[in-house]
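The structure appears below as structure tokens.
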Amino acid sequence: MCTSYEDDDKIFQSLEAGASGYILKTEGPAKIIGALDELFEGGSPMSSSIARKVVASFSKMESQNKLTESLTGREREILELLAKGQMNKEVAAVLEISVGTVRKHIQNIYEKLHVNTRVEAVNVYLKR
């Protein structure tokens, strides 16, 4: 990919879609030609600013994995149901527990995942 776009969404969409590298047009002709040579030799050329974003993304995923590993089995069950759009009352009915217990589990989930809303909790849990 040779582009002027440097935003995270475009970078990761391109790489997920199969791009072998990501070079910014601002790198200049010499670097772009060098990137093409590297690509033809089997490499994955990347502008340094893009490489930093990719590496930071892996660090973020690793820290999110550590957070979600701290969840109990019941908290994971509750997050799965929340991800399906179920409300506290529905979660309580499915798991045969009280609504108050569901609320307490959700509060614990927020603390463990360092979030403030159920949308944030579900996104961290689903690694979005």
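Among residues of segment 66-79 that are open to solvent by 50 Å² or more (accessible area, probe 1.4 Å), those with a beta-carbon under 7 Å from a residue that is modelled with pLDDT of 80 or more at least six positions away or on a different chain give the pairs S70/K112; R74/H105; E77/L95. Scanning segment 22-42 for residues that are closer than 17 Å to I11 by Cβ and of a type in the set (G, A, S) yields one hit, A35.
Checked against (1) among the polar types (S, T, N, Q); (2) surrounded by 14 or more Cβ atoms within 10 Å (Cβ to Cβ); (3) closer than 23 Å to H114 by Cβ, S14 passes all but condition (3). When we screen G18, G85 for residues that are out of contact with any Ser or Thr (no Cβ under 6 Å at 6 or more places or on another chain) and closer than 18 Å to L126 by Cα, the only hit is G85.
Of all residue pairs spaced 6 or more apart or on separate chains, none has beta-carbon atoms under 6 Å together with a first member in segment 87-111 that is more than 10 Å from E75 (Cα to Cα) and a second member that is open to solvent by less than 40 Å² (accessible area, probe 1.4 Å) and basic (K, R).
The values are calculated or read from the model by the stated rules, or taken from the named source; none is laboratory data. Here the structure is a predicted model, which means the values were calculated and not measured. Cβ: placed from backbone, ideal geometry, glycine included. Neighbour counts: every protein chain shown. The accessibility values were calculated without ligands, DNA or RNA, using every heavy atom of the protein model including side chains. Shrake-Rupley method; radii C 1.70, N 1.55, O 1.52, S 1.80 Å.
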